[in-house]
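Undergrad: Pasting a structure here, questions to come.
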Amino acid sequence: MSSMSYIEKLLDGVAVEWKALGDVAVIKRGTSITKKGVTHGEIPVIAGGRTPAYFHNVSNRTGQTIVIAGSGAYAGFVSWWEQPIFVSDAFTVKPSSILLPRYCYHFLLNMQQQLHDFKSGGGVPHVYPRNVAPIQIPIPCPGNPEKSLEIQAEIVRILDTFTELTAELTVELTARKNQYNYYRDQLLNFEEGEVEWKMLGDVTTLITKGTTPKSYELGGISFIKTEAFDGTQINRSKLSYVSETIHRTFLKRSILEEDDILFTIAGATIGKNAVVTSELLPANTNQALAIIRLLQTVNKKYILYILRSNHMKEYIDKCAKGSAQPNLNLQQINEFYIPLPSPEEQTRIVAILDKFDALTNSITEGLPREIALRQKQYEYYRDLLLSFPKSEEVAA
């Protein structure tokens, strides 16, 4: 069934009117608040992104709230909140009585790319209420409000079914990840004298870091920053680029090789790591990432699991204690002690953890793949159900 025939069947011949969002909803800015201005409580402070910035003791919005991030990397990001929240560097969309809030939310999700494209400003990107107000939203059966809300409710019912399935899978994935982390740490926990312990520097040929270049190019040599990490993978679409000349001269010491481990050594993402694959080469990196190049005789996957374990997290906490911003220097990376059981035991541990890892992290198998498929299915039907016919004026 084509999208048009489905919509025609749902509408059953009734008209659709397109109205500016600002005419059928109240678009209202939040109240900017910094961490210093927060009184700790249980109310999420929403500025942008998928998670609260911090928690406050008062709210400025009640339940069923549509929030659009107003500034920063997440500018234009749409989120939905059921509980009371405090909206900070963002704004909310409160539909009038002719629109179901959840219908409006799904529609704005369908406009997500356009909202991101509204970003403006030379420094921190912004999206403003004035950008969103002219967006045209379809109102089915405008002459019959009761029928209109019934149609909207049916669309919401179908789309919410997909989001609920995705949410259930996400909860299960979180549980599996917690289980995986527990068993990983148990497998890598050894008693005193049970195995040999060595410093990481003893099993490497190189531990160094990169430098930030003075300029970037539109193409050329791959330049990997922490921002390019998607979990434990490096996303090629998020790479920056430098020239061959800069790569071979100014950034000579940090030329990457296949199987190098990139390990974040500063800031909020400290401890994140990923392996450099041949598809990324030639490549380079900056000073926020340590380059760990292991000996050929070392079981690289085993070391990688150690670096992702609670053992490393505890080491980071110990080294960063008292610091305003957590960081590790290269000497501390070198001096990180790792347990080294027999090669056979390392192989056995890796085989077990590889199975867990595939289930919880792989985008080609396991729960992450299921979640990605459900999300694509939701997006397909969202587009299908919101593809109302447009008048020539609106289409223009």
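Undergrad: As an exercise: evaluate S278 against (1) over 20 Å from the mean Cα position of the chain (by Cα); (2) among the small types (G, A, S); (3) crowded, with 21+ Cβ neighbours inside 10 Å and give the number of the one condition it does not meet.
TA: (3)
Undergrad: Let me ask another. When the residues of region 296-344 are narrowed to those that are in contact (Cβ under 8 Å) with a residue 60 or more places away in the chain and in a helix (DSSP H, G or I), which ends up nearest to D260 (Cα to Cα)?
TA: In this case the residue turns out to be I303.
Undergrad: Just to be sure, is Q287 part of a loop (DSSP other than H, G, I, E, B) and among the polar types (S, T, N, Q)?
TA: yes
Undergrad: Scan region 130-162 for residues that are of a type in the set (A, V, I, L, M) and not in a helix (DSSP H, G or I) and jot them down.
TA: A133, I135, I137, I139
Undergrad: Restricting attention to region 234-269, which residues are out of contact with any Pro (no Cβ under 7 Å at 6 or more places or on another chain), over 24 Å from L307 (Cα atoms) and part of a helix (DSSP H, G or I)?
TA: The answer is S237, E244, T245, R248, K252.
Undergrad: How many residues are exposed (fewer than 14 other Cβ atoms within 10 Å of the Cβ) and either touching a residue at least 40 places away in the same chain (Cβ under 8 Å) or at positive phi (or both) if we restrict to region 133-152?
TA: Within region 133-152, residues that are exposed (fewer than 14 other Cβ atoms within 10 Å of the Cβ) and either touching a residue at least 40 places away in the same chain (Cβ under 8 Å) or at positive phi (or both) number 4.
Undergrad: How do the pairs read when you match residues in region 156-174 that are within 30 Å of I139 (Cα to Cα) with residues anywhere that are among the aliphatic types (A, V, I, L, M) and modelled with pLDDT of 85 or more, using Cβ under 7 Å and keeping only pairs 6 or more apart or on different chains?
TA: V156/L100
Undergrad: Between K238, K272, K209, which is of a type outside the set (A, V, I, L, M), touching a helix residue (DSSP H, G or I) at 6+ places or on another chain (Cβ under 7 Å) and touching a residue at least 60 places away in the same chain (Cβ under 8 Å)?
TA: The unique qualifying residue is K209.
Undergrad: Which is at pLDDT 90 or above and closer than 27 Å to P368 by Cβ, of V171, V132, V156, V203?
TA: V156
Undergrad: Looking at R102, R130, which one is buried (at least 17 other Cβ atoms within 10 Å of the Cβ) and among the charged types (D, E, K, R)?
TA: R102
Undergrad: Let me ask something additional. Out of all the residues in region 244-270, which are surrounded by fewer than 17 Cβ atoms within 10 Å (Cβ to Cβ) and of a type outside the set (K, R)?
TA: Of everything in region 244-270, those that are surrounded by fewer than 17 Cβ atoms within 10 Å (Cβ to Cβ) and of a type outside the set (K, R) turn out to be E244, T245, T249, F250, E257, E258, D259, G267, A268, T269.
Undergrad: Applying the selection to region 210-232, what residues are part of a strand (DSSP E or B) and either within 13 Å of A283 (Cα to Cα) or touching an Asp or Glu at 6+ places or on another chain (Cβ under 7 Å) (or both)?
TA: I221, S222, F223, I224
The values are calculated or read from the model by the stated rules, or taken from the named source; none is laboratory data. Not measured: the values here are computed from a predicted model. Glycine also receives a Cβ, built like all others from the backbone with ideal geometry; neighbour counts cover every protein chain displayed.
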